[in-house]
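Everything on this sheet refers to the single structure shown next.
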Amino acid sequence: MKLKLRLTWDTSILALLVTVWIAASLTTDNFLSSINVSQIFSNTSEITIMAFGVIFLIITGEIDLSVASILALGSSMLGWSYAHGAPIWLAILICIAVGTLCGFINGFLVTKVRLGSLAVTIGTLALYRGIANGILGTNTINEFPDFWTGFGFDTIGTSFIPQSLPIIILFGIGFGLLLHNTPFGRRTLAIGQSPEAARFAGINVIKHKIIVFTFTGFMSGIAGVIYTFRFSTAQADNGIGLELLVISACLLGGVSIFGGIGTMWGVIAGVLLAGSVESWLTLREINAQWRTIVTGILLLTSVAAPVLINKAKAAKARAENKS
Amino acid sequence: MAQKGDLLLQMKGVQKRFGGAIALRGTDLSIRAGEIHALLGENGAGKSTMLKILAGVHVNDGGIISLGDKTFITGSPEAAIAQGIAVIYQEPSLFLDLTLAENVFIGRQPMKGVAIDWAQAQVEAARLFAELGVPLDPKRQARGLSIADQQVVEIAKALSMNANIILMDEPTAALSASEVERLMTVMKSLKAANKAVIFVSHRLDEVFMISDYITVMRDGATVSENPVSETDLQKVIKEMVGRELTELFPKTENKIGGVALEINNLTNPAYFHNISFTVRHGEIVALAGLVGSGRSEVARAIFGIDKYTTGSVKVNGKDLAKGSPVAAMAEKIALVPEDRRQQGLFMIAGVNRNISMESFDRIKGKLFLNFKKERALTEIWREKLSIKYEAQSNPVESLSGGNQQKTVLAKWLATNPDILIVDEPTRGIDVGTKAEVHKLINAAAGEGKAVLMISSELPEVLGMADRIIVMREGHKVAELSRTEATQEKVIAAATTGSKGA
C-alpha cells in the first residue's frame, strides 16, 4: 500500500504547530519548560472549551459571536450569587445554566424567528455583556474558596500538567467522538453540507441547530466557571474579545466558514497554535499590539490557505494533463 | 454570413486526458451552417468534455479543431465567444433583478455619449426575441421567467455577440412539454438564420424530431455521424450502449397486496387540490403530468417536507402526522427526490457517508458508529446496484450522474422501506443506467413495496406503471389502469384535462 500524504489544511496546521514549537524553543530559553507549557495549556483552556461548542455551530453553517459575553454574564452571575450567600456549587450551576439559556435564546432567534446568526449574535454579544454590567456594574468579586481558585491554576502533583488539562482532554476525546463517530455528528456535518438535502434526509434541521446553539451556550457557561476561578475574578468585562480567538482557532484548525467541513483534532491543533504563538511572542517580549497583528495574520492565513491550496492543486492537475 | 451547408466547425481526432483518465480518445465532428446537430452518448461518453473544449473551458491534448479555414484558439471562454461559439447551459444564469434587455447586453451596453442607450438596447433585444420567434418584453425583469424563456434570453445574448455556433447542454432536461416545443421553435429559427446548433440530450424522441444530423459517442470516441434520415432509434441506442437493449422497461408482473398508502382529499391551495389515490403493496403507481402540475409537491407533502392544509395521508390504515419526515420515515416511507444534487445527496461527502445516512441504526454499536459496518453496508449496495466509484470515501460529486442517482437509491433502499416514492428517477442519466434503475424499481415492487413514481417521460410511465394518475394544474384529472392507458390519453389529460377518447 502506498502511503500518500494528503496536502490539506488540517495536516498543514499540525506541521505548522511543530515548526512553531521548534522555532520557539530555539529562539527562547524556556519555551518548552514545564511551567511555560503548563501556561500555554491553562491560558487556552476557556478558548478550547468554547471552541468545542463553536466548531459544531460553524460546521452547521452558523456562527456565535456572543460566546465571550455569555462567559462574562455567567461569570457575573456566579460571583453575584456567591456574594449573596449561595453555596459555591449552586453558584457554579447558575453560571452554567445561564450560559445554556443564553445559547438557547440565540438558537431560538436564529431558527424560529429566522434572523441570521451573525446579526443575532452581534446583538446578543452586546446584550449579554450589558446584562452582566447591570448585575455587577464596576464591582469585582474575587473572594472564592481556595479549592476552586486553585483548580484552574494548580498542577497535578509535581508535574507540569495543569489540573484542568485532563478535563479538557476528556472533553476533546468526547466531542471528537461525538462529531466524527455518532449520528449526531454526521447530521451536524450534513446540515452544513446541504441544509436542503438534510431536510430530505429527515433531519430536523431547526431542532438540531437549537441543540447546537444551546450546547455552545452550555460550553461558554463552563468556560465562565473556569475563567472566574482561574483569575479569581467575577466581573462584567471578563473575557472581552475572546470570541474572535475562538473563531480564529476553529478556522485555523481547518473548519470551513461555509459549513460542512471540520475536524476536532484540527481545532485542538488550531487552539494550541494560537496559544503557542502567543506564548512565544510573550517570551520574546514582543508587545501586545504586535501579538494582535500576528493573530490577525494567522486568521487571514487560515481563511486564505485552503483556497490557495485548492488553486495550487488545480494548477498541478492542469500541468499534469499537459505533459 | 455563412451560407447554408458551409462547413463551420471541424474536429478531427480530438483527444483529452484528465490525469490518468482518458475522456476523449479521438473524436470527430463536422458542423455545418443551418444545421441542428445532436450529440448523443451515455454518461461519461465524452459529450460534455467535447462541449467544454469548444466553450474554451478545457484545452484538448491532441487533434485538430478548425473553424472554417482558421484554427480554433482554445483555452478561454472569452476567446470562444470571440470566435463565434456560445454555450447555453441547462440552468441559465441570468441576473434576475435586471430587465431582459439589460441581461442581453450586460457588459456591452450600447452607448450614447457617456450614457447607456437603453432605448437602443430594448429595440435590439426586441428584434432578437422576434427573430427567435418568442416575443418577450425586453423591459420586464428576468425574475419569474420560465426556464425555457430564460434560455431564450441566453440565446438572444449569444446572437447579439454574433455567435454562429450555439452549443446547448441538455437544454430540455428541466423543461415541461410545452416549453420544449417553444425551445424547438427557437432552434428552428436559429437554423433558418443559418446558425449551427449542437445539442446534447438524453430525450431521444426529441432528438429525432428536431435534428438534421446525429453524432453518437461512446467511450470518448465518435461511433457514428449520420443524417437523421439514415438512422433510427434502435440503431442509435445500440450504438450508444454498444449492445442492443431489447427492453427498456422490463415490466414484471408482481403480486399486488393490500393498500399501503392512502391519500384523501389532500390540499395545499398553493400547489394542489383534493388529491386522492391509493398505492397497494407490490404496485407501481405513476404520477404523470407536466412539470409544474403539482406532482412533486404532493410527494413532498406525503413525506412531510411541506405541510398541507386539509386532507389526510394514511399508511397501512394509520394516519400519518403531517409535516414530519421523521414520522414518515418511522412508517417506512422513503422519498428519492427529483433534484439529486440539491436534495438527494451531500455532494462533498463520501459515497459511504451518503449511503449510510439513513441507516445509522444498522451501523451503530452501543454509542458509536462502526466504520467497518459502514464499509460493509456500502459494499453491499455497490454490488447490488453496481455503483461505480474508485474509493468509498470519494465525494459523490466525483461520480457520474447515473452513479449519483444509484447512490441516492441505495441510501433509501438501505432503509428497507415499505413505501418508495421516486421523483424523476431517471432524469439526466444514460440509457443503460436507466434500464438498471427501472429494474431496481420493479424489483422493489416485486418485494411487496408500494411504489409511487413521478415521471415526465411518457414511455417510462407507460412501461413501468400498473396504474397512472394524471395531474394538471394541481388537480387530479385522470386515473388510468395499465391496460387502458395510452400515450394519447395521458397527454390529452395532462395538457387539456380531458379524459381522452
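Each value in this text was obtained by applying a stated rule to the coordinates, not by laboratory testing. Computed from a predicted model, the values in this text were never measured in an experiment. Cβ: placed from backbone, ideal geometry, glycine included. Neighbour counts: every protein chain shown.
For a quick check: with amide H placed at 1.01 Å from N, whose amide H comes under 5 Å from B:A221's, ignoring anything fewer than 5 positions away on the same chain?
Amide H neighbours of B:A221, under 5 Å, 5+ apart: B:R25.
Take every residue in peptide A:180-189, count the Cβ atoms of other chains within 10 Å of its Cβ, and give the average of those counts. Could the numbers behind the result be given before it?
Numbers: counts 3, 7, 5, 9, 1, 2, 7, 2, 0, 4.
Partner Cβ neighbours, averaged per residue: 4.
For chain B, find the longest principal axis of its Cα atoms and tell me its angle to the long axis of helix B:487-496, 0 to 90°, nearest 10.
80
If you take the square roots of the eigenvalues of the alpha-carbon gyration tensor of the stretch B:160-313 and sort them as a ≥ b ≥ c, do you get rounded (a/c under 1.5), prolate (a/b over b/c) or oblate?
Details: a/c = 3.52, a/b = 1.66, b/c = 2.11.
Cα axes put the stretch B:160-313 in the oblate bin.
Can you tell me the order of B:426-437, A:282-293 when each peptide is scored by its average per-residue count of other Cβ atoms within 10 angstrom, highest first? Can you show the working numbers first?
Working: B:426-437: 20.2, A:282-293: 11.9.
Highest-to-lowest ranking by the protection proxy: B:426-437, A:282-293.
Write down the percent of antiparallel bridges among all DSSP beta bridges whose residues are both part of the protein assembly as shown, to the nearest 5.
Numbers: 48 of 84 bridges.
Of those bridges, close to 55 percent are antiparallel.
State the antiparallel share, in %, of DSSP beta bridges confined to the stretch B:352-501, rounding to the nearest 5. Don't jump to the answer; show the numbers that get you there.
Working: 7 of 12 bridges.
Counting DSSP beta bridges with both partners in the stretch B:352-501, the antiparallel share is about 60 percent.
Please compute the net charge surrounding B:L96, taking Lys and Arg as +1 and Asp and Glu as -1 over other residues with Cβ under 14 Å from its Cβ. Please report the intermediate quantities before stating the final value.
Working: positive: B:R140, B:R143; negative: B:E91, B:D97, B:E102, B:D149, B:E154.
Residues close to B:L96 contribute a combined charge of -3.
Which three lengths, in whole Å and largest first, does the stretch B:382-501 cover when its Cα atoms are put on their principal axes?
In descending order, the Cα extents are 53, 28, 24 Å.
Please report the spacing between the Cα centers of the stretch B:301-339 and the stretch A:80-115 in Å, no decimals.
Taking the Cα centre of each part, the stretch B:301-339 and the stretch A:80-115 sit 37 Å apart.
What is the average number of partner chain Cβ atoms found within 10 Å of a Cβ in B:357-369?
On the way: counts 9, 3, 1, 5, 1, 0, 1, 3, 1, 0, 4, 7, 7.
Mean inter-chain Cβ contacts per residue within 10 Å come to 3.
Determine the dipole magnitude for the protein assembly as shown: charges of +1 sit on the beta-carbon of Lys and Arg, -1 on that of Asp and Glu, nothing else is charged, the reference point is the Cα centre, and the result goes in debye to the nearest 20. Walk me through the numbers before you get to the answer.
Details: 78 positive and 73 negative charges, 161 e Å.
So the dipole magnitude of the protein assembly as shown works out to roughly 780 debye.
For B:R32, which sequence-distant residues (separation of 5 or more, or a different chain) have an amide H within less than 5 Å of its own amide H, given hydrogens modelled in the peptide plane?
Distant-sequence amide H within range of B:R32: B:L8.
Compute the Cα gyration tensor for chain B, then decide on rounded, prolate or oblate, letting a ≥ b ≥ c be the square roots of its eigenvalues: rounded whenever a/c is under 1.5, prolate when a/b is larger than b/c in the other cases, and oblate in all that remain. Write out the running numbers ahead of the final one.
Values: a/c = 1.80, a/b = 1.47, b/c = 1.23.
Prolate, since a/c reaches 1.5 and a/b exceeds b/c.
Counting only other residues whose beta carbon sits under 15 Å from that of B:Q141, what net charge do I get with K and R as +1, D and E as -1?
Working: positive: B:K139, B:R140, B:R143; negative: B:D97, B:E102, B:D137, B:D149.
Neighbour charge sum, excluding B:Q141 itself: -1.
Going by amide H atoms built from the backbone, whose H comes under 5 Å of the H on B:V336, apart from near neighbours?
Here B:I421, B:V422, B:D423 satisfy the definition.
Among B:D97, B:D418, which comes first, second and so on when ranked by fewest other beta-carbon atoms within 10 Å?
Values: B:D97 10, B:D418 18.
With the fewest neighbours first, B:D97, B:D418 line up as B:D97, B:D418.
For the stretch B:135-145, take each phi angle, set θ = phi - 60°, evaluate the Karplus expression 6.51 cos²θ - 1.76 cosθ + 1.60, and give the result in whole Hz per residue in order, putting x for glycine and proline.
Result, rounded to whole Hz: x, 7, 7, x, 8, 7, 6, 6, 4, x, 5.
Mind checking B:342-351 for the average number of partner chain beta-carbons within 10 Å of each residue's beta-carbon?
Working: counts 4, 7, 5, 5, 11, 4, 7, 8, 0, 0.
Partner Cβ neighbours, averaged per residue: 5.
Hand me the GluC sites (Glu not before Pro) from the stretch B:98-206 located in a DSSP loop with no more than 13 other Cβ atoms within 10 Å, in residue order please. Don't skip to the end; give the middle numbers.
Values: sites: B:E102, B:E124, B:E131, B:E154, B:E179, B:E181, B:E206; in loops: none.
Of the GluC sites (Glu not before Pro), not one in the loops of the stretch B:98-206 has a Cβ with at most 13 other Cβ atoms within 10 Å.
Provide, in order from the shortest bin, the percent of all Cα-Cα pairs of the stretch B:259-496 in each 10 Å bin, continuing until the bin that contains the maximum pair distance.
8, 33, 36, 19, 5, 0
Taking a ≥ b ≥ c as the square roots of the eigenvalues of the Cα gyration tensor of the stretch A:44-243, is the shape rounded (a/c under 1.5), prolate (a/b larger than b/c) or oblate? Before the final figure, lay out each step's value.
Details: a/c = 2.57, a/b = 1.45, b/c = 1.77.
The shape class here is oblate.
Please report the net charge: other residues with Cβ closer than 11 Å to the Cβ of A:R129, K and R +1, D and E -1.
Values: positive: none; negative: A:D237, A:E243.
Combined, the nearby Lys, Arg, Asp and Glu give -2.
When the C-alpha atoms of the protein assembly as shown are aligned to their principal axes, what extent does each axis show, in angstrom, from largest down?
94, 68, 62
Chymotrypsin sites (Phe, Trp or Tyr not before Pro) within the stretch B:344-403: which are DSSP loop residues with at most 15 other Cβ atoms inside 10 Å? List each step's numbers first, then the result.
On the way: sites: B:F346, B:F360, B:F368, B:F371, B:W381, B:Y389; in loops: B:F346, B:F368, B:Y389.
Sites meeting the loop and neighbour criteria: B:F368.
Gap in Å between the Cα centre of the stretch B:466-483 and the Cα centre of the stretch B:68-98?
Cα centroid of the stretch B:68-98 versus Cα centroid of the stretch B:466-483: 42 Å apart.
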